[in-house]
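What follows is a set of notes on a single structure, which appears directly below.
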Amino acid sequence: MRPEFLRPGDPAWAAFLEGAPHDFYHLPAYVELCARMDGGEAAAFLATDGGRAMLMPLVLRPVPGGPWRDACAPYGYPCPLFRGEPSPEGVGAFLEAFAAAGAAAGLVSAFFRFHPLLPVPEGPFERFGTVVDHGQTVFLDLDLPPEELERQTRVNHRADARKLLAGGFRVEVDGWDRLGEFAGIYAETMAYRGSGAAYRFGAAYFRDLRACLGERLHLCMVVGPGGEAAAGGLFTNMDGLMQFHLAGTAAAFRRAGPAKLMLLAMRDQARAWGARRLHLGGGVGCAEDSLAFFKQGFSRLRSRFATYRMVLLPRVYRDLAGDRTGDFFPAYRHS
């Protein structure tokens, strides 16, 4: 077993991704972007054992008040990846190697996010930490015939989209001159929803995201009859897997529901580009809220989202956490 922490420029990171199904969350440039926002260092843990290997993208963050650090998954669904057929024993050996290497590097804890459409064998993970089930997400199987995709779409979603088109609304894809408008709509939407700091991405983030993802990133805007930006969304397309990343709707158009037109248009665009899945995600924190209900109107298909918590230095973790209680992980970061 050979365990090591890689930096984004290490060719071993890119070489691993060439031989394993993955999403944009696993790309070194994306992990670097998340690390800059989180005040940490971009890294990936790679363990190899013969022809088998495991890679986990990470943001290594300094822990206030000591010489320690912890590991957190980048924003999104950057699950651990495996090359070769991972047996439960093999996955367990990889996790044991991570626990030892992380503790030796001064990592107090690690937090991973699993990918709803790239499943991992969770049994071995439960031996070394805690798997937390957050609920269901929604995805579309774009291999289904168009008429079946229509049948799986809620009637009022289809009707509202037709009404918008009849009223002079239109969809623009990859009109990047509107990125600034999208950033403003997104910020307005997050303020309206009362979203936490983790969702408050600014204009610089969107510019940097486009720079690091290039042609894998797409901007879809719904434009009103007078040329006003009514809604917008960022979508990624990685090897046939499209993600609905971030979106917003302008206050003046919330009742009209332009996001319905946007998602139906991108469903059809994704099929034209050869994508096989369109993942919409779930509600806020995967809750069964109004956002989840909205997304469920586009497909009957569901996937499961879970996260993983691992304590590598138990004594240090207890000392740092003190008397903090509750479900927040790691507890010592809960203010």
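The values are calculated or read from the model by the stated rules, or taken from the named source; none is laboratory data. Computed from a predicted model, the values in this text were never measured in an experiment. Reconstructed Cβ throughout: ideal geometry from the backbone, glycine too, with neighbour counts over all protein chains shown.
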The number of residues in the stretch 26-76 that are crowded, with 23+ Cβ neighbours inside 10 Å and among the hydroxyl-bearing types (Ser, Thr, Tyr) is 1
Determine whether PHE329 is hydrophobic (A, V, I, L, M, F, W, C) and touching a Ser or Thr at 6+ places or on another chain (Cβ under 6 Å).
no
I need a count of the residues in the stretch 44-72 that are closer than 20 Å to GLY19 by Cβ and among the small types (Gly, Ala, Ser).
5
Within the stretch 286-335, of all residues that are within 21 Å of the chain's Cα centre (by Cα) and polar (S, T, N, Q), the one surrounded by the fewest Cβ atoms within 10 Å (Cβ to Cβ) is SER290
Report whether or not ASP268 is among the charged types (D, E, K, R) and on the phi > 0 side of the Ramachandran plot.
no
From the list ALA270, ALA247, ALA275, ALA265, exactly one residue is among the hydrophobic types (A, V, I, L, M, F, W, C) and closer than 19 Å to ALA191 by Cα. Which is it?
ALA247
Quick check on the stretch 41-59. Is at least one of its residues in contact with a Leu (Cβ under 6 Å, 6 or more places away or on another chain) and over 20 Å from THR307 (Cα atoms)?
yes
Which one of these is modelled with pLDDT under 95 and within 20 Å of GLY123 (Cα to Cα): PRO64, PRO86?
PRO86
Go through the stretch 191-225 and report how many residues are assigned to a strand (DSSP E or B) and among the basic types (Lys, Arg).
0
So is ARG216 of a type in the set (D, E, K, R), touching a helix residue (DSSP H, G or I) at 6+ places or on another chain (Cβ under 8 Å), surrounded by 14 or more Cβ atoms within 10 Å (Cβ to Cβ) and in contact (Cβ under 8 Å) with a residue 12 or more places away in the chain or not?
yes
Listed residues GLY19, GLY51, GLY76; which is in contact (Cβ under 8 Å) with a residue 12 or more places away in the chain and over 27 Å from THR137 (Cβ atoms)?
GLY51
Looking only at the stretch 138-175, count how many residues are under 24 Å from the mean Cα position of the chain (by Cα), surrounded by fewer than 15 Cβ atoms within 10 Å (Cβ to Cβ) and not in a loop (DSSP other than H, G, I, E, B).
2
Against the conditions (1) in a helix (DSSP H, G or I); (2) buried (at least 16 other Cβ atoms within 10 Å of the Cβ), where does ALA12 fall short? Just the number, please.
(2)
Selection over the stretch 269-312 where residues are free of Cβ contacts under 8 Å to residues at least 12 places away in the same chain, under 20 Å from THR249 (Cβ atoms) and not hydroxyl-bearing (Ser, Thr, Tyr) yields a count of 3
Do we have VAL63 as free of Cβ contacts under 8 Å to residues at least 60 places away in the same chain, over 23 Å from GLN136 (Cα atoms), β-branched (Val, Ile, Thr) and assigned by TED's automatic domain parsing to the domain that holds LEU320 here?
no
The lone condition ASN237 fails out of (1) crowded, with 22+ Cβ neighbours inside 10 Å; (2) within 26 Å of HIS26 (Cβ to Cβ); (3) not aliphatic (A, V, I, L, M) is (1)
